[in-house]
């Protein structure tokens, strides 16, 4: 072979031949299977992902179903906070909550429970509830301020700042509130508001207020003080005149009657 003649294999490929060679290499690579370990890993990863997508919602539903079957899903202990004149058990009874009540239902109908308590107990001005843990319920009560007691037939009914006289009665009134005797409910409320406007020291000393209606005055009242003195006054003017009560007793060492109905003077009790 002459030295000047080149081998055919050394001739450069034409563009068309280069393109065909590239296509053959790509087809060969595409037809070549992936290594077995790599294929197994890919299939396992996909299987795990699909299994997780199926099991996750099923697990959540199972946990929820188990929760609703346990006592934690129902009302457990019930506590009352904020009550002053009401027994805690009365509030619990009025709420009608118990072990049969679902916590979820309670959360959705809190307002209904509050309205139920307010309807049953006129002393309750408002009520809210809170839940601690899973099922520990606390009823937070805000009562109307009691102004005193209205005495009827030897029993004592709480008179509220809302003007309501509570139907339930007691025979042992608290000494911290005055007793109103001989009044209608409306009269008792008006007089109670007047007493509530007294100076604090005088107001705390009021033990009982009676509608005496003496000396042809239908507005006459007699106030019994905790120190043993009596105050005779007109319910329409007593709020203005009660300021003289401490002044009249300032230099007096004995007990007696303070008359504020017409004037303002002190009469000691007869020995």
Checked pairs for region 60-86, first within 18 Å of residue 123 (Cα to Cα), second in a loop (DSSP other than H, G, I, E, B), C-beta under 7 Å and 6 or more apart or across chains, list as 85/123; 86/121; 86/123
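Show me the strands (runs of 3 or more DSSP E) entirely contained within region 54-147 in which 2 or more residues are closer than 25 Å to residue 192 by Cβ.
The qualifying strands (runs of 3 or more DSSP E) are 124-132, 136-143.
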Over region 136-171, the set of residues within 19 Å of residue 209 (Cβ to Cβ) and in contact with a helix residue (DSSP H, G or I) (Cβ under 7 Å, 6 or more places away or on another chain) is 147, 148, 150, 159, 163, 165
Taking region 164-183 and keeping residues surrounded by 12 or more Cβ atoms within 10 Å (Cβ to Cβ) and more than 30 Å from the chain's Cα centre (by Cα) leaves 179, 180, 181, 182, 183
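Matching residues to (1) in contact (Cβ under 8 Å) with a residue 40 or more places away in the chain; (2) more than 24 Å from residue 164 (Cβ to Cβ); (3) surrounded by 19 or more Cβ atoms within 10 Å (Cβ to Cβ):
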site	(1), (2), (3)
88	no, no, no
100	no, yes, no
109	no, yes, no
122	yes, no, no
131	no, yes, no
137	yes, yes, yes
140	yes, no, no
145	no, no, no
150	no, no, yes
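Coordinate-derived values only; no laboratory data. The model shown is predicted, which means the values in this text are computed figures rather than measured ones. As a convention, Cβ positions derive from the backbone with ideal geometry for all residues, glycine included, and neighbour counts pool all protein chains shown.
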